[in-house]
Amino acid sequence: MTPSLDDATRILSTLVAFDTVSHKSNRALIDWVADHLDGHGVAVATLPSADGRKANIVASIAPGRLEPRGGIMLSGHTDVVPVDGQDWQTDPFRLTPKDGRLYGRGACDMKGYIACVLAMVPALRDAPLTRPIHLAFSYDEETGCFGAREIVSHIAASELRPAMAFVGEPTSMRVVNAHKGSCGMRTKVTGHACHSSRPDQGVNAIYGAMEVIDTLRAQAQALAEAPDSVGLFEPPHTTLNVGLIQGGSARNTVAGDCTLTWDIRATREGMVGQVRDALAAAVDDRILPAMRARQAAADIATETLFEIPPLLPQPNSAAEALARSLAGGEAVSAAFGSEAGLFQRAGIPTVLCGPGDIAQAHAPDEWVAEDQLAACLSFLEKLVAHECAA
Ligand SMILES: [Zn+2]
(Lines give C-alpha, C1' and ligand atoms only; values in the text may rest on other atoms or scores of the structure.)
Protein backbone atom coordinates (compact mmCIF):
# COMPACT_ATOMS: atom_id res chain seq x y z
CA MET A 1 0.00 0.00 0.00
CA THR A 2 1.57 3.24 -1.15
CA PRO A 3 0.85 6.26 1.01
CA SER A 4 -0.76 9.26 -0.62
CA LEU A 5 0.06 12.90 -0.20
CA ASP A 6 -3.24 13.14 1.70
CA ASP A 7 -2.02 10.60 4.26
CA ALA A 8 1.20 12.55 4.80
CA THR A 9 -0.67 15.88 4.96
CA ARG A 10 -3.10 14.54 7.54
CA ILE A 11 -0.24 13.35 9.73
CA LEU A 12 1.62 16.63 9.22
CA SER A 13 -1.40 18.60 10.36
CA THR A 14 -1.44 16.55 13.58
CA LEU A 15 2.29 17.01 14.13
CA VAL A 16 2.16 20.78 13.53
CA ALA A 17 -0.66 21.11 16.06
CA PHE A 18 1.68 19.93 18.82
CA ASP A 19 3.53 23.03 20.00
CA THR A 20 7.00 21.49 20.29
CA VAL A 21 9.03 24.70 20.47
CA SER A 22 12.36 23.50 21.90
CA HIS A 23 11.94 24.91 25.41
CA LYS A 24 8.58 23.15 25.80
CA SER A 25 7.80 19.47 26.24
CA ASN A 26 7.51 17.27 23.14
CA ARG A 27 5.99 14.36 25.10
CA ALA A 28 2.48 14.74 23.66
CA LEU A 29 3.84 14.48 20.13
CA ILE A 30 6.05 11.51 21.06
CA ASP A 31 3.06 9.74 22.68
CA TRP A 32 1.04 10.30 19.52
CA VAL A 33 3.85 8.92 17.32
CA ALA A 34 4.22 5.93 19.68
CA ASP A 35 0.47 5.25 19.38
CA HIS A 36 0.62 5.59 15.61
CA LEU A 37 3.49 3.10 15.36
CA ASP A 38 1.93 0.78 17.91
CA GLY A 39 -1.32 0.87 15.93
CA HIS A 40 0.64 -0.52 13.00
CA GLY A 41 2.28 -3.19 15.11
CA VAL A 42 5.66 -1.47 15.39
CA ALA A 43 7.34 -1.68 18.80
CA VAL A 44 8.95 1.54 19.97
CA ALA A 45 11.47 2.65 22.57
CA THR A 46 10.98 6.08 24.03
CA LEU A 47 14.13 7.60 25.49
CA PRO A 48 13.19 10.30 28.01
CA SER A 49 15.46 13.24 28.75
CA ALA A 50 17.03 13.43 32.23
CA ASP A 51 14.15 15.55 33.58
CA GLY A 52 11.52 13.50 31.73
CA ARG A 53 9.99 16.55 30.05
CA LYS A 54 11.11 15.46 26.59
CA ALA A 55 11.80 12.24 24.78
CA ASN A 56 13.29 10.68 21.68
CA ILE A 57 11.57 7.79 20.00
CA VAL A 58 13.36 4.93 18.29
CA ALA A 59 11.69 2.08 16.43
CA SER A 60 12.75 -0.71 14.11
CA ILE A 61 10.53 -2.18 11.46
CA ALA A 62 10.81 -5.92 10.96
CA PRO A 63 12.49 -6.80 14.26
CA GLY A 64 12.31 -10.46 15.15
CA ARG A 65 11.96 -11.32 11.51
CA LEU A 66 15.30 -9.72 10.64
CA GLU A 67 18.63 -9.18 12.36
CA PRO A 68 18.59 -5.78 14.11
CA ARG A 69 21.95 -5.09 12.53
CA GLY A 70 22.29 -3.22 9.27
CA GLY A 71 19.54 -1.35 7.53
CA ILE A 72 18.82 2.32 7.14
CA MET A 73 17.97 4.73 9.95
CA LEU A 74 15.55 7.51 9.01
CA SER A 75 16.03 10.36 11.39
CA GLY A 76 14.50 13.71 12.20
CA HIS A 77 13.95 16.16 15.03
CA THR A 78 10.56 16.84 16.58
CA ASP A 79 11.30 20.26 18.07
CA VAL A 80 10.76 23.56 16.28
CA VAL A 81 12.06 27.10 16.73
CA PRO A 82 9.92 29.73 18.50
CA VAL A 83 7.44 32.01 16.73
CA ASP A 84 7.85 34.87 19.23
CA GLY A 85 8.30 38.23 17.58
CA GLN A 86 7.44 36.84 14.15
CA ASP A 87 4.57 38.20 12.11
CA TRP A 88 2.48 35.22 10.94
CA GLN A 89 -0.48 35.46 8.55
CA THR A 90 -1.85 32.13 9.81
CA ASP A 91 -1.92 30.27 13.12
CA PRO A 92 1.59 28.74 13.21
CA PHE A 93 0.28 25.65 15.02
CA ARG A 94 -2.52 24.91 12.57
CA LEU A 95 -1.46 23.50 9.22
CA THR A 96 -2.94 25.77 6.55
CA PRO A 97 -2.95 24.73 2.89
CA LYS A 98 -2.78 27.46 0.26
CA ASP A 99 -1.74 27.38 -3.41
CA GLY A 100 0.17 24.11 -3.20
CA ARG A 101 1.91 25.09 0.01
CA LEU A 102 1.33 23.91 3.57
CA TYR A 103 1.93 26.63 6.15
CA GLY A 104 2.81 25.99 9.77
CA ARG A 105 5.73 26.04 12.22
CA GLY A 106 7.83 22.97 11.50
CA ALA A 107 6.06 22.16 8.20
CA CYS A 108 9.44 22.53 6.51
CA ASP A 109 11.89 22.01 9.41
CA MET A 110 11.17 19.18 9.77
CA LYS A 111 7.80 17.72 10.60
CA GLY A 112 7.05 17.38 6.87
CA TYR A 113 9.71 14.70 6.62
CA ILE A 114 8.55 12.93 9.78
CA ALA A 115 4.99 12.95 8.40
CA CYS A 116 6.18 11.31 5.16
CA VAL A 117 8.10 8.65 7.09
CA LEU A 118 5.11 7.93 9.35
CA ALA A 119 2.79 7.76 6.33
CA MET A 120 5.09 5.04 4.93
CA VAL A 121 4.82 2.86 8.03
CA PRO A 122 1.92 0.63 6.81
CA ALA A 123 3.75 0.05 3.52
CA LEU A 124 6.99 -0.60 5.37
CA ARG A 125 5.37 -3.08 7.72
CA ASP A 126 3.91 -5.06 4.83
CA ALA A 127 6.98 -4.89 2.61
CA PRO A 128 9.18 -7.99 2.26
CA LEU A 129 12.17 -6.17 3.72
CA THR A 130 15.49 -7.96 3.64
CA ARG A 131 17.04 -5.42 6.03
CA PRO A 132 15.36 -3.52 8.87
CA ILE A 133 14.36 0.13 8.65
CA HIS A 134 14.96 2.14 11.80
CA LEU A 135 13.19 5.34 12.80
CA ALA A 136 14.78 7.84 15.18
CA PHE A 137 13.05 11.08 16.10
CA SER A 138 14.77 13.40 18.54
CA TYR A 139 14.14 16.35 20.87
CA ASP A 140 16.20 19.52 21.33
CA GLU A 141 17.92 19.55 17.96
CA GLU A 142 17.44 23.28 17.52
CA THR A 143 19.13 24.11 20.82
CA GLY A 144 22.24 21.95 20.31
CA CYS A 145 21.35 18.43 19.14
CA PHE A 146 21.00 17.21 22.73
CA GLY A 147 18.42 14.48 22.02
CA ALA A 148 20.43 12.91 19.20
CA ARG A 149 23.32 12.29 21.61
CA GLU A 150 20.99 10.02 23.60
CA ILE A 151 20.01 8.23 20.38
CA VAL A 152 23.68 7.62 19.66
CA SER A 153 24.17 6.20 23.21
CA HIS A 154 21.02 4.07 22.86
CA ILE A 155 22.31 2.58 19.62
CA ALA A 156 25.72 1.88 21.14
CA ALA A 157 24.08 0.11 24.10
CA SER A 158 21.68 -1.93 21.96
CA GLU A 159 22.01 -4.45 19.15
CA LEU A 160 21.08 -1.82 16.58
CA ARG A 161 23.87 -1.15 14.11
CA PRO A 162 22.35 0.87 11.28
CA ALA A 163 24.47 0.59 8.17
CA MET A 164 23.62 4.19 7.32
CA ALA A 165 21.44 7.10 8.34
CA PHE A 166 19.37 9.52 6.30
CA VAL A 167 18.45 12.74 8.07
CA GLY A 168 15.46 14.50 6.50
CA GLU A 169 16.44 18.13 7.06
CA PRO A 170 15.01 20.40 4.37
CA THR A 171 17.40 20.09 1.42
CA SER A 172 14.79 20.35 -1.37
CA MET A 173 15.33 16.57 -1.71
CA ARG A 174 18.94 17.05 -2.76
CA VAL A 175 21.58 14.87 -1.18
CA VAL A 176 23.74 16.87 1.23
CA ASN A 177 26.97 15.21 2.30
CA ALA A 178 28.66 18.07 4.15
CA HIS A 179 28.03 20.87 6.56
CA LYS A 180 30.16 22.75 9.04
CA GLY A 181 30.11 21.94 12.71
CA SER A 182 28.47 24.32 15.14
CA CYS A 183 29.75 25.01 18.60
CA GLY A 184 28.16 27.30 21.18
CA MET A 185 30.57 28.95 23.63
CA ARG A 186 30.23 31.23 26.64
CA THR A 187 33.02 33.24 28.24
CA LYS A 188 32.37 34.80 31.62
CA VAL A 189 34.71 37.60 32.67
CA THR A 190 34.75 38.45 36.38
CA GLY A 191 36.30 41.77 37.39
CA HIS A 192 35.83 43.86 40.48
CA ALA A 193 32.98 46.37 40.76
CA CYS A 194 33.41 49.76 42.45
CA HIS A 195 32.32 53.39 42.11
CA SER A 196 33.20 54.77 38.72
CA SER A 197 34.96 57.72 40.32
CA ARG A 198 37.68 55.31 41.51
CA PRO A 199 38.34 52.97 38.57
CA ASP A 200 41.84 52.47 39.96
CA GLN A 201 40.27 50.42 42.77
CA GLY A 202 38.32 48.08 40.50
CA VAL A 203 38.80 45.80 37.53
CA ASN A 204 36.50 46.51 34.65
CA ALA A 205 35.16 43.21 33.34
CA ILE A 206 33.95 44.88 30.13
CA TYR A 207 37.54 45.87 29.36
CA GLY A 208 38.62 42.27 29.99
CA ALA A 209 35.87 41.08 27.66
CA MET A 210 37.14 43.50 25.01
CA GLU A 211 40.51 41.76 25.12
CA VAL A 212 38.79 38.41 24.69
CA ILE A 213 36.79 39.77 21.74
CA ASP A 214 39.96 41.18 20.21
CA THR A 215 41.64 37.79 20.49
CA LEU A 216 38.67 36.05 18.86
CA ARG A 217 38.52 38.64 16.10
CA ALA A 218 42.23 38.22 15.36
CA GLN A 219 41.75 34.44 15.24
CA ALA A 220 38.79 34.79 12.89
CA GLN A 221 40.93 36.98 10.66
CA ALA A 222 43.78 34.44 10.64
CA LEU A 223 41.36 31.62 9.80
CA ALA A 224 39.90 33.63 6.91
CA GLU A 225 43.37 34.22 5.51
CA ALA A 226 44.07 30.47 5.29
CA PRO A 227 41.04 28.82 3.65
CA ASP A 228 41.04 25.07 4.25
CA SER A 229 37.93 23.84 2.47
CA VAL A 230 37.80 25.50 -0.94
CA GLY A 231 34.86 24.20 -2.94
CA LEU A 232 33.23 22.58 0.06
CA PHE A 233 31.97 25.37 2.32
CA GLU A 234 31.05 29.00 1.93
CA PRO A 235 33.05 30.74 3.31
CA PRO A 236 35.81 28.12 2.89
CA HIS A 237 37.17 28.38 6.42
CA THR A 238 36.17 28.06 10.07
CA THR A 239 34.32 31.18 11.28
CA LEU A 240 33.86 32.74 14.71
CA ASN A 241 31.11 35.09 15.80
CA VAL A 242 30.60 36.96 19.05
CA GLY A 243 26.83 37.25 19.04
CA LEU A 244 25.87 38.46 22.48
CA ILE A 245 27.50 40.62 25.13
CA GLN A 246 25.99 41.23 28.56
CA GLY A 247 27.81 43.09 31.29
CA GLY A 248 27.98 45.81 33.88
CA SER A 249 25.20 47.24 35.99
CA ALA A 250 25.25 51.04 35.72
CA ARG A 251 26.96 53.99 34.02
CA ASN A 252 28.65 55.02 37.21
CA THR A 253 29.84 51.59 38.32
CA VAL A 254 32.99 49.81 37.16
CA ALA A 255 31.64 46.63 35.56
CA GLY A 256 32.09 43.62 37.81
CA ASP A 257 31.13 41.05 35.21
CA CYS A 258 30.67 40.58 31.51
CA THR A 259 29.53 37.53 29.60
CA LEU A 260 30.17 36.84 25.93
CA THR A 261 28.22 34.24 23.97
CA TRP A 262 29.92 33.22 20.75
CA ASP A 263 30.07 30.45 18.23
CA ILE A 264 32.49 28.47 16.14
CA ARG A 265 31.48 27.07 12.74
CA ALA A 266 34.20 24.52 12.12
CA THR A 267 35.20 23.07 8.75
CA ARG A 268 36.64 19.92 10.30
CA GLU A 269 37.28 17.98 13.48
CA GLY A 270 40.01 19.56 15.60
CA MET A 271 39.23 23.18 14.73
CA VAL A 272 37.11 23.76 17.84
CA GLY A 273 39.97 22.60 20.06
CA GLN A 274 42.40 24.80 18.15
CA VAL A 275 40.23 27.91 18.69
CA ARG A 276 39.64 27.11 22.37
CA ASP A 277 43.35 26.47 22.99
CA ALA A 278 44.39 29.72 21.30
CA LEU A 279 41.93 31.71 23.43
CA ALA A 280 43.04 29.91 26.59
CA ALA A 281 46.67 30.73 25.82
CA ALA A 282 45.88 34.44 25.35
CA VAL A 283 43.83 34.48 28.56
CA ASP A 284 46.44 32.67 30.65
CA ASP A 285 49.51 34.43 29.28
CA ARG A 286 48.29 37.96 28.94
CA ILE A 287 44.69 38.98 29.67
CA LEU A 288 44.13 37.39 33.06
CA PRO A 289 47.55 38.15 34.61
CA ALA A 290 46.96 41.86 33.88
CA MET A 291 43.55 41.72 35.60
CA ARG A 292 44.84 39.70 38.56
CA ALA A 293 47.70 42.10 39.11
CA ARG A 294 44.98 44.52 40.21
CA GLN A 295 42.56 42.12 41.88
CA ALA A 296 43.40 38.49 42.68
CA ALA A 297 39.80 37.33 42.38
CA ALA A 298 39.50 38.35 38.73
CA ASP A 299 38.67 35.45 36.48
CA ILE A 300 37.91 34.44 32.90
CA ALA A 301 36.11 31.15 32.38
CA THR A 302 35.05 29.70 29.03
CA GLU A 303 32.56 26.88 28.73
CA THR A 304 31.29 24.91 25.77
CA LEU A 305 27.48 25.05 25.65
CA PHE A 306 27.20 22.43 22.93
CA GLU A 307 29.26 21.01 20.13
CA ILE A 308 27.81 19.62 16.93
CA PRO A 309 30.46 17.99 14.80
CA PRO A 310 30.79 18.79 11.11
CA LEU A 311 29.38 16.41 8.51
CA LEU A 312 32.17 15.53 6.12
CA PRO A 313 31.84 14.02 2.66
CA GLN A 314 32.31 10.26 2.42
CA PRO A 315 31.93 9.97 -1.36
CA ASN A 316 32.43 6.22 -1.32
CA SER A 317 30.03 5.54 1.53
CA ALA A 318 26.99 3.35 1.04
CA ALA A 319 24.82 6.18 2.42
CA GLU A 320 25.91 8.67 -0.19
CA ALA A 321 25.79 6.18 -3.06
CA LEU A 322 22.30 4.96 -2.17
CA ALA A 323 20.88 8.42 -1.49
CA ARG A 324 22.23 9.70 -4.79
CA SER A 325 20.84 6.74 -6.69
CA LEU A 326 17.40 7.38 -5.16
CA ALA A 327 17.35 11.19 -5.32
CA GLY A 328 19.51 11.76 -8.39
CA GLY A 329 22.02 14.54 -8.80
CA GLU A 330 25.36 15.26 -7.23
CA ALA A 331 25.81 15.63 -3.48
CA VAL A 332 26.12 19.21 -2.28
CA SER A 333 27.01 20.93 0.98
CA ALA A 334 24.69 22.87 3.29
CA ALA A 335 25.28 26.02 5.31
CA PHE A 336 23.31 24.83 8.36
CA GLY A 337 24.31 22.27 10.99
CA SER A 338 22.39 19.11 11.88
CA GLU A 339 22.45 15.87 13.85
CA ALA A 340 24.15 14.13 10.93
CA GLY A 341 27.66 14.91 12.19
CA LEU A 342 26.90 13.13 15.48
CA PHE A 343 25.78 9.99 13.65
CA GLN A 344 28.80 10.14 11.36
CA ARG A 345 31.12 10.59 14.37
CA ALA A 346 29.49 7.48 15.88
CA GLY A 347 30.55 5.52 12.81
CA ILE A 348 27.26 5.58 10.90
CA PRO A 349 27.66 6.88 7.32
CA THR A 350 25.10 9.69 7.07
CA VAL A 351 23.69 12.12 4.54
CA LEU A 352 20.87 14.64 4.59
CA CYS A 353 17.95 14.51 2.19
CA GLY A 354 14.53 15.89 2.98
CA PRO A 355 11.60 17.89 1.65
CA GLY A 356 11.33 21.67 1.74
CA ASP A 357 13.73 24.54 1.30
CA ILE A 358 15.86 25.68 4.24
CA ALA A 359 14.99 29.26 3.19
CA GLN A 360 11.53 28.73 4.71
CA ALA A 361 12.83 27.14 7.91
CA HIS A 362 12.74 29.24 11.08
CA ALA A 363 10.99 32.05 9.15
CA PRO A 364 7.53 33.52 9.77
CA ASP A 365 4.90 31.86 7.54
CA GLU A 366 7.08 28.74 7.29
CA TRP A 367 5.79 26.43 4.56
CA VAL A 368 6.57 23.29 2.67
CA ALA A 369 5.48 22.68 -0.93
CA GLU A 370 3.08 19.79 -1.42
CA ASP A 371 5.15 18.61 -4.36
CA GLN A 372 8.18 18.40 -2.06
CA LEU A 373 6.27 16.03 0.21
CA ALA A 374 5.24 14.04 -2.86
CA ALA A 375 8.89 13.87 -3.97
CA CYS A 376 9.85 12.69 -0.48
CA LEU A 377 7.20 9.95 -0.53
CA SER A 378 8.47 8.75 -3.89
CA PHE A 379 12.07 8.79 -2.55
CA LEU A 380 10.97 6.70 0.44
CA GLU A 381 9.06 4.32 -1.80
CA LYS A 382 12.17 3.68 -3.88
CA LEU A 383 14.14 3.27 -0.67
CA VAL A 384 11.73 0.59 0.58
CA ALA A 385 11.93 -1.22 -2.76
CA HIS A 386 15.73 -1.12 -2.49
CA GLU A 387 15.60 -2.58 1.02
CA CYS A 388 13.39 -5.43 -0.22
CA ALA A 389 15.96 -6.47 -2.79
CA ALA A 390 18.40 -9.17 -1.77
ZN1 LIG B 1 15.98 21.14 11.30
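Below is a table of values for the structure above.
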item: Region 125-142 residues that are farther than 16 Å from residue 342 by Cα, paired with ones that are away from the ligand (no atom under 16 Å from the Cβ) and among the basic types (Lys, Arg) (beta carbon under 9 Å, 6 or more apart); result: 129/65; 131/69; 132/65; 132/69
item: Residue within region 363-370 that is among the β-branched types (Val, Ile, Thr), within 15 Å of the ligand (Cβ to nearest atom), surrounded by fewer than 24 Cβ atoms within 10 Å (Cβ to Cβ) and assigned by TED's automatic domain parsing to the domain that holds residue 84 present; result: no
item: Test for residue 37: is it under 20 Å from residue 119 (Cβ atoms) and touching a residue at least 60 places away in the same chain (Cβ under 8 Å); result: yes
item: Test: residue in region 117-125 that is part of a loop (DSSP other than H, G, I, E, B), open to solvent by 10 Å² or more (accessible area, probe 1.4 Å) and among the hydrophobic types (A, V, I, L, M, F, W, C); result: no
item: Region 55-89, residues that are of a type in the set (D, E, K, R) and either within 16 Å of the ligand (Cβ to nearest atom) or not in a loop (DSSP other than H, G, I, E, B) (or both); result: 69, 79
item: Members of region 141-177 that are open to solvent by less than 20 Å² (accessible area, probe 1.4 Å), of a type outside the set (A, V, I, L, M, F, W, C), within 14 Å of the ligand (Cβ to nearest atom) and touching a Gly at 6+ places or on another chain (Cβ under 9 Å); result: 141, 144, 168, 169, 170, 171
item: Filter result for the condition that a residue is aliphatic (A, V, I, L, M) and more than 21 Å from residue 152 (Cα to Cα), over 33, 44, 58, 83; result: 83
item: Failed criterion for residue 71 (all others in (1) at negative phi; (2) in contact with a helix residue (DSSP H, G or I) (Cβ under 8 Å, 6 or more places away or on another chain); (3) open to solvent by less than 50 Å² (accessible area, probe 1.4 Å); (4) not aliphatic (A, V, I, L, M) hold); result: (1)
item: Lone qualifier among 186, 198, 174 - being among the basic types (Lys, Arg), within 29 Å of residue 338 (Cβ to Cβ) and in the same structural domain as residue 303 (by TED's automatic domain parsing); result: 186
item: Residue within region 7-27 that is part of a strand (DSSP E or B) and on the phi < 0 side of the Ramachandran plot present; result: yes
item: All positions within region 53-65 that are farther than 13 Å from residue 140 by Cα and either surrounded by fewer than 19 Cβ atoms within 10 Å (Cβ to Cβ) or among the small types (Gly, Ala, Ser) (or both); result: 59, 60, 62, 63, 64, 65
item: Residues that are more than 16 Å from the ligand (Cβ to nearest atom) and among the hydroxyl-bearing types (Ser, Thr, Tyr), drawn from region 178-220; result: 187, 190, 196, 197, 207, 215
item: All positions within region 243-294 that are under 25 Å from residue 334 (Cβ atoms) and in a loop (DSSP other than H, G, I, E, B); result: 266, 267, 268, 269, 270
item: Hits in region 177-210 - residues which are assigned to a strand (DSSP E or B) and within 18 Å of residue 138 (Cβ to Cβ); result: 179, 182, 184
item: Total residues in region 185-202, condition in contact with a Leu (Cβ under 9 Å, 6 or more places away or on another chain) and either under 12 Å from residue 299 (Cβ atoms) or buried (at least 18 other Cβ atoms within 10 Å of the Cβ) (or both); result: 4
item: Given (1) in the same structural domain as residue 228 (by TED's automatic domain parsing); (2) out of contact with any strand residue (DSSP E or B) (no Cβ under 8 Å at 6 or more places or on another chain); (3) of a type outside the set (Phe, Trp, Tyr); (4) under 25 Å from residue 236 (Cα atoms), index of the condition residue 345 fails; result: (1)
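Residue-wise test of (1) of a type in the set (Asp, Glu); (2) touching a residue at least 12 places away in the same chain (Cβ under 8 Å); (3) exposed (fewer than 13 other Cβ atoms within 10 Å of the Cβ); (4) not assigned by TED's automatic domain parsing to the domain that holds residue 341.
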site	(1), (2), (3), (4)
204	no, yes, no, yes
215	no, yes, no, yes
224	no, yes, no, yes
235	no, no, no, yes
240	no, yes, no, yes
286	no, yes, yes, yes
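Matching residues to (1) within 16 Å of the ligand (Cβ to nearest atom); (2) open to solvent by 50 Å² or more (accessible area, probe 1.4 Å):
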position: 316; (1), (2): no, yes
position: 326; (1), (2): no, no
position: 336; (1), (2): yes, no
position: 343; (1), (2): yes, no
position: 346; (1), (2): no, yes
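The values are calculated or read from the model by the stated rules, or taken from the named source; none is laboratory data. For clarity, every value in this text was computed on a predicted model and none was experimentally measured. Neighbour counts run over all protein chains shown; Cβ positions are idealised from the backbone, glycine included. Just so you know, the surface numbers come from the protein's heavy atoms only, side chains and all, with ligands and any DNA or RNA stripped out. Shrake-Rupley method; radii C 1.70, N 1.55, O 1.52, S 1.80 Å.
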